[in-house]
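Taking it in order: structure first as structure tokens, then the write-up.
The values are calculated or read from the model by the stated rules, or taken from the named source; none is laboratory data. Worth saying up front: this structure is predicted, and the values here are computed from it rather than measured. Neighbour counts are summed over all protein chains in view; Cβ atoms, including those assigned to glycine, are modelled from backbone coordinates with ideal geometry. When the accessible area is computed, the model is the full protein with side chains, heavy atoms only, and any ligands, DNA or RNA have been set aside. Shrake-Rupley method; radii C 1.70, N 1.55, O 1.52, S 1.80 Å.
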Protein chains: 2
Amino acid sequence: MSTPHGEVQTPCFMPVGTRGAVKAITHRDLEDLGAKIILGNTYHLHLRPGDALVARAGGLHRFIGWPHPILTDSGGYQVFSLAAMRRVTEEGVQFRSHLDGALHMLTPESATDVQARLGSDIAMALDELVGAGECAPNAAGHDAGETHAAEAERAMERTARWAGRARARMLDLRGDASVAQAVARTNPGQAQFGIVQGGTDPALRTASVQRTVEIGFEGYAIGGLSVGEPVGVMYDVVAHTAPQLPQHQPRYLMGTGMPDDLVECVARGIDMFDCVLPTRNARNGQLLTRSGVISIKNAQYAEDLRPPDPECGCVTCRRFTRAYLRHLYIAGEMSAATLNTVHNLYFYLDLMSRIREAIVFGSFEKLRSEFHRTFSRRPQQFR
Amino acid sequence: MSTPHGEVQTPCFMPVGTRGAVKAITHRDLEDLGAKIILGNTYHLHLRPGDALVARAGGLHRFIGWPHPILTDSGGYQVFSLAAMRRVTEEGVQFRSHLDGALHMLTPESATDVQARLGSDIAMALDELVGAGECAPNAAGHDAGETHAAEAERAMERTARWAGRARARMLDLRGDASVAQAVARTNPGQAQFGIVQGGTDPALRTASVQRTVEIGFEGYAIGGLSVGEPVGVMYDVVAHTAPQLPQHQPRYLMGTGMPDDLVECVARGIDMFDCVLPTRNARNGQLLTRSGVISIKNAQYAEDLRPPDPECGCVTCRRFTRAYLRHLYIAGEMSAATLNTVHNLYFYLDLMSRIREAIVFGSFEKLRSEFHRTFSRRPQQFR
């Protein structure tokens, strides 16, 4: 995948740099880990420091000192999960900032403009988020009696209409220099991806693919998964949806997931992933290893002088013991978060690197079966 | 200065690694910054994870994964400043842990044993701490009516007696293999420094030097300063005391200080420094620069695209702007602490490196006057 800030080999994992920084580690750590692209959150950056300020600084790459590729989400997910209040209309989403309660409006056009100011390499079209079952974010403004199926269909239709508006705005930004200048667009080569919705209904997903691909984007994402549905259902939706997306454009599965999800969804055709799991769990003392999860705070590690994962080549595992990492975590030292994050991101990025290599050498199925032979999900530790 | 874990060029600054980690940065950052020796806190490590556990792990160097020199304090300072309760007798200090209220006893002998288990390269003899004026730590157990002068004399005398006991215990550990084994001593080459007390009274300081040097240690520290006395008084005490200490053994000024203090106290004969100031202030958003202090949270830096210190060569200044560092600080990102700490420690370690070079080339006085020409103390920002 080519971007204005460099090439990215796929399939790839994008560490989440919510507010212009991947939590607990520095850009240099990320580069050393081999991260080629990170994700920034439009909602957070719009509220603070503000996309106008970022544009005046020359765009997000320059503002945060990261000269490599960046993808920004549309802000929709955080509006639905974080904002103090939200009201969805055909025009867009009105919400109150979780920081100061100030009223904001995000529309397909304004979400496109915000990302144009940020100047990410890949911008996402604004979508309407509908969750699965009881894990669904509180979709205020919808009829209480609306069924999940009806809600999913309505949200898919609206997402498609919004995608059309987002794309039209992007084409204006690209085609009209005065519009681009008025918005303070900072990355002329910015790509835009559309998002496929449709819940867990294959027919809705197919319809969403058709509507979105018809509009035409540089790449396509599958949204609305990893929101609480059983993992098997998620795999089925991906298996159904991904092959319908254009073969020679990137396919991005948003917000997923566990390491075995990466392996399984690559098998189903996904090229790009992002997830807060490796970084968030690191800060909670959860270390991912080839055999499963270690909760480093447990007393059993107090005198355990082995590295977190004896087979791991990361700088944390090469230098430190479980006993020391436990000590740092219990003592509340910030470097516990740093060292754990380095390890977990290495696990994800190294896994993706091995997957890419296996694909080149035709040994992906071998890697897949070997991975599952040792890795244990133990999902209860991640909820 | 030669230690079992390598040589250290003096004069040097030792970053404070309270609980076996310099706060907010990794060992690799420290190595890249050129830190050759760090300080560990006996009080903290004794309480958690415990010196017995550290000894079973092979000593502090192995437990924390730092193969370079380490100095440990005696624990006395923290007992007097942090413990929930303390009672000083001739035997030692009884105190309650600030973590769980458990009762502990630190004597000159046990402080020596704890540090023998930790296996630092330089151990400190236990001293009795008496502060200056109203900044004095609460020295419970002393007569309320005791004057400062009498208190300083009494504490100096006791510190000298304790130094004799600490040294006797150290010689037992060195001379008697069965004692060393019973204690689980982890670093046979460990040195021991005595501490000179005596408050701000030149006669008491002279007496303390004589008493301490008479006992005979591998090096000597000046304690009981930087506890609230005017900086000019501190300089005078150092100027009076340091030249009386053996010329060919290290002279260590404990707990000092501001960058200009380092320059001035090197001029007065000091070889070693430690201070939490660069690391603690970094976490509070205070950046030290050649011209003085920057409080990065200030609104004036919101769009300031200059590096914190345009003349600085640290990785923070080479890559990031004041605007971004302010954003990270305001957003509460951990990496704000990391990037600020890297900068402040670079400032201290680079200053010491330039001082050493100037001494070799006979240009120290030139460096000293140039330093003061640009550096502004503005101490109010550090209280």
Quiz item: Using the alpha-carbon atoms, what tilt in degrees (0 to 90, nearest 10) does helix A:334-360 show relative to the longest principal axis of chain A?
Solution: 80
Exercise. Taking chain B as the reference, fit the longest principal axis to its C-alpha atoms, fit the long axis of helix B:231-241 to the helix C-alpha atoms, and give the angle between the two in degrees, 0 to 90, nearest 10.
Key: 50
Exercise. Return, ordered by residue number, the residues of region B:204-222 whose backbone nitrogen is under 18 Å from a label point located 7 Å along Cα→Cβ of B:HIS148.
Key: B:204-206
Practice problem: Quick one: which residues, 5 or more positions from A:GLY20 or on another chain, have an amide H under 5 Å from its amide H? H modelled 1.01 Å from N in the peptide plane, none for Pro or chain starts. | Solution: A:ASN41
Quiz item: Around A:THR289, which amide H atoms from residues at least 5 apart in sequence, or from another chain, sit under 5 Å from its own amide H, with H modelled in the peptide plane?
Solution: A:ILE294
Quiz prompt | FRET efficiency for B:ARG161 and B:ARG87, using Cβ-Cβ distance with R0 set to 22 Å, rounded to 0.05 | solution = 0.80
Quiz prompt | Whole-percent carbon and sulfur share, accessible surface of region B:236-373, 1.4 Å | solution = 48
Practice problem: Please give the average number of partner chain Cβ atoms lying within 10 Å of the Cβ of each residue in B:25-31, rounded to a whole number. | Solution: 5
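How large is the helix-only mean residue ellipticity at 222 nm for the protein assembly as shown, computed as the sum of -39500 (n - 2.57) over DSSP H runs with n ≥ 4, divided by its residue count, in deg cm²/dmol to the nearest 500? Write down the numbers at each step before the final one.
On the way: 32 runs with 340 residues, N = 766.
Computed ellipticity for the protein assembly as shown at 222 nm equals -13500 deg cm²/dmol.
With the other protein chains left in place, how much accessible area per residue, in square angstrom, belongs to region B:159-312 at a 1.4 angstrom probe?
36
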Quiz item: How many nm is it between the label spots at A:SER2 and B:GLN210, if each spot is 7 Å from the Cα in line with the beta carbon?
Solution: 8.4
Quiz item: Counting Lys and Arg as +1 and Asp and Glu as -1, each charge on the Cβ, what is the dipole of region B:52-127 about the Cα centre in debye, to the nearest 20?
Solution: 280
Practice problem: Measure off 7 Å from each Cα along the Cα-to-Cβ vector at B:ASN284 and A:TYR235, then give the distance between these two points in nanometres to one decimal. | Solution: 5.5
Practice problem: Give me the net charge of B:VAL237's neighbourhood, meaning all other residues with Cβ under 10 Å from the Cβ of B:VAL237; Lys, Arg count +1, Asp, Glu -1. | Solution: -1
Exercise. Take the rotation relating chain A to chain B, measure from its axis to every Cβ in chain A, and name the nearest residue with the distance in whole Å.
Key: A:MET334, 3
Exercise. Over region A:1-129, average the accessible area per residue using a 1.4 Å probe and give it in Å², no decimals.
Key: 30
Quiz item: Whole-Hz Karplus ³J(HN,Hα) for region B:168-185, in order, using 6.51 cos²θ - 1.76 cosθ + 1.60 and θ = phi - 60°, x for Gly and Pro?
Solution: 4, 5, 4, 5, 4, 4, 6, x, 10, 4, 5, 5, 4, 6, 4, 7, 6, 5
Exercise. Quantify, in whole percent, the carbon and sulfur part of the accessible surface of region B:69-125 (1.4 Å probe; protein heavy atoms only).
Key: 51
Exercise. May I ask you to report, in nm to one decimal and beginning with the shortest, the distances from B:GLU90 to the same position in the other copies, taking label points 7 Å along Cα-to-Cβ?
Key: 9.4
Quiz item: B plus A alone minus the pair: what accessible area, both sides summed, probe 1.4 Å, in Å² to 100?
Solution: 3500
Exercise. May I ask what percent, to the nearest 5, of DSSP beta bridges between residues of the protein assembly as shown are antiparallel?
Key: 40
Quiz item: Taking Rh as the Kirkwood radius computed over C-alpha pairs, what is the Stokes-Einstein D of the protein assembly as shown at 37 °C in a medium of viscosity 0.692 mPa s, expressed in µm² per second?
Solution: 114
Quiz item: Nearest 0.05, what FRET efficiency do A:MET105 and A:SER291 give at R0 = 56 Å with Cβ-Cβ as r?
Solution: 0.70
Practice problem: Have a look at region B:285-324 and report residues whose accessible surface goes down by 40 Å² or more when the remaining protein chains are included, against the chain on its own, probe 1.4 Å, ligands and DNA/RNA excluded. | Solution: B:GLU303, B:LEU305, B:ARG319, B:TYR324
Practice problem: Obtain the nm distance between the two label points defined at A:LYS366 and B:ARG48 by a simple spin-label model: each point lies 7 Å from its Cα along the Cα-to-C-beta direction. | Solution: 4.8
Quiz item: Among the lysines, which have Cα under 20 Å from the Cα of A:LYS36 when same-chain residues fewer than 8 positions away are ignored?
Solution: A:LYS23
Exercise. Mind listing the label-point distances from A:VAL276 to the same position on all other copies, shortest first, one decimal in nm, points 7 Å along Cα→Cβ?
Key: 3.1
Practice problem: Put a label point 7 Å from Cα along the Cβ direction on A:GLY34, then list its distances to the equivalent points in the other copies in nm, shortest first. | Solution: 3.3
